[in-house]
Amino acid sequence: MSDIAEITVEDMVIDFPVGGGLFRKQYLRAANGVSLTLRAGEALAIVGESGSGKSTCARAIARINMPTSGTIRVDGAEITDPGFRQSQRDYAAKVQMIFQDPFGSLNPVHTIRHHLARPIRIHAPKLSSTEVDERIIATLERVGLSPAAQTADKFPYELSGGQRQRVAIARALAVGARFILADEPISMLDVSIRLGILNLMDDMKRDGIGFMYITHDIATARYFAERTAVMYVGHMVEWGESDSVTQSPRHPYTQLLISAVPEAGIRKTRERKAKKAEIPMRTPESRGCPFAGRCLKVMDRCHADMPPITQLQEDHYVRCHLY
Ligand SMILES: Nc1ncnc2c1ncn2[C@@H]1O[C@H](COP(=O)(O)OP(=O)(O)OP(=O)(O)O)[C@@H](O)[C@H]1O
């Protein structure tokens, strides 16, 4: 299977059934009209609070969730199309997810060697035992876990959180991942080691790996990702080049996220500018801007109509009736 250059999501909607009666099912709309592109060698950060649909979108790209509508294309070929040529196994090798809790995805009774050998054998059954071992050692070295031979013989509990996340990254690389969907990969790690993981992933971009970097933290999005998309309850509200989105945020929700970032040397966060309100649950029947209930600049039409997309700069877009 050839390398993937681009994964494009267009107008993706994902509904989950959440109850209702026999004749009238109720659905939660976890993603609505999501369109984004992941490119080899680049990172796209998806930023938003809990429940904004970030993981749901990543799971759809990993083919764990099926979109209700919309398309996901890999170099132009639609992955939900029955004629899609790549097998599920090939695709799973090239597009891998890593998660917040690296310990959760590692079995405490097996060594790191076992954790890497198993997926390599599944995805490359023709390799000899020596070749499998060589690949394990090379990959552990690639992610900075040296001496690799010693690390390979360790059990997950003998590694720090940061080292475990490196093992998770190694496992993705070992089977030939070209895109990594990283779901809050540093949020459970000690602050002192977060930067090391971000730098490793940054380094991997130079080898052509593309990232979807899911985070609550817009400050790290700017540090690591070339492009940033801000999501609120299933909707992309602002997106584009990370510097532009984070330095000139235009959507009131992006402005709120930025205002919550503590400035260097200042302990207190700046005053948050938004109404206190419950994060709404969207359904297929919901109308208007999802942020209307919290927005200080809300207008009548915000409750009635979803704002159209406005292009602010070459690579900076917003969905807000103010523009
Ligand atoms: N399988 C499911 N069935 C029903 N609802 C779901 C399912 N998966 C996700 N949801 C709902 O979809 C919405 C989006 O969830 P999702 O996990 O994608 O958000 P998130 O932005 O990744 O949040 P977090 O940062 O907490 O991981 C939430 O309201 C969640 O409860």
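Checking each residue of the range 44-56 against the condition of being within 16 Å of the ligand (Cβ to nearest atom), surrounded by fewer than 23 Cβ atoms within 10 Å (Cβ to Cβ), hydroxyl-bearing (Ser, Thr, Tyr) and modelled with pLDDT under 95 gives at least one match. With respect to the conditions (1) part of a strand (DSSP E or B); (2) small (Gly, Ala, Ser); (3) more than 16 Å from the ligand (Cβ to nearest atom); (4) in contact with a Gly (Cβ under 7 Å, 6 or more places away or on another chain), Ala30 lacks only one, and its number is (3).
Answer with yes or no whether Thr80 is away from the ligand (no atom under 16 Å from the Cβ), free of Cβ contacts under 8 Å to residues at least 40 places away in the same chain and assigned to a helix (DSSP H, G or I).
On the way: away from the ligand (no atom under 16 Å from the Cβ): yes; free of Cβ contacts under 8 Å to residues at least 40 places away in the same chain: yes; assigned to a helix (DSSP H, G or I): no.
Criteria not met by Thr80.
Cβ separations smaller than 8 Å between residues 6+ apart or across chains give the following pairs from the range 185-209 residues that are closer than 13 Å to Arg164 by Cβ to residues that are of a type in the set (Asp, Glu): Met188/Asp101. A search for C-beta distances below 7 Å between a residue of the range 229-248 that is under 15 Å from Cys57 (Cα atoms) and of a type outside the set (A, V, I, L, M, F, W, C) and any residue that is within 13 Å of the ligand (Cβ to nearest atom) and part of a strand (DSSP E or B), counting only pairs 6+ apart in sequence or on different chains, returns Gly234/Arg29; Gly234/Ala30; Gly234/Ala31; Gly234/Asn32; His235/Asn32.
Report whether or not Pro67 is within 15 Å of the ligand (Cβ to nearest atom) and buried (at least 17 other Cβ atoms within 10 Å of the Cβ). I'd like the intermediate steps shown before the answer.
Numbers: within 15 Å of the ligand (Cβ to nearest atom): yes; buried (at least 17 other Cβ atoms within 10 Å of the Cβ): yes.
Against the criterion (within 15 Å of the ligand (Cβ to nearest atom) and buried (at least 17 other Cβ atoms within 10 Å of the Cβ)), Pro67 qualifies.
Considering (1) within 16 Å of the ligand (Cβ to nearest atom); (2) of a type in the set (Gly, Ala, Ser); (3) touching a residue at least 24 places away in the same chain (Cβ under 8 Å); (4) assigned to a strand (DSSP E or B), say which one Ala60 fails and leave the rest. For Ala60, the exception is condition (4).
Is it fair to say Leu38 is away from the ligand (no atom under 12 Å from the Cβ), of a type outside the set (Gly, Ala, Ser), closer than 15 Å to Ala177 by Cα and crowded, with 17+ Cβ neighbours inside 10 Å?
Details: away from the ligand (no atom under 12 Å from the Cβ): yes; of a type outside the set (Gly, Ala, Ser): yes; closer than 15 Å to Ala177 by Cα: yes; crowded, with 17+ Cβ neighbours inside 10 Å: yes.
So Leu38 fits the description; yes.
Cβ-Cβ distance below 9 Å, separation of 6 or more or different chains: which pairs start in the range 124-146 with a residue that is closer than 14 Å to Ala172 by Cα and end on one that is aliphatic (A, V, I, L, M) and not in a helix (DSSP H, G or I)? Partner pairs satisfying both residue conditions: Ala124/Val175; Arg135/Ala124; Arg135/Leu127; Thr139/Leu145. So which residues in the range 284-321 are out of contact with any helix residue (DSSP H, G or I) (no Cβ under 8 Å at 6 or more places or on another chain), exposed (fewer than 14 other Cβ atoms within 10 Å of the Cβ) and assigned to a loop (DSSP other than H, G, I, E, B)? Across the range 284-321, the qualifying residues are Pro284, Glu285, Met299, Asp305, Pro308, Glu314. When Lys25 is tested against (1) in contact with a helix residue (DSSP H, G or I) (Cβ under 8 Å, 6 or more places away or on another chain); (2) surrounded by fewer than 17 Cβ atoms within 10 Å (Cβ to Cβ), exactly one condition is not met: (1).
The values are calculated or read from the model by the stated rules, or taken from the named source; none is laboratory data. None of these values were measured; they are calculated from a predicted model. Please note: Cβ atoms are built from the backbone with ideal geometry, for glycine as well, and neighbour counts cover all protein chains shown.
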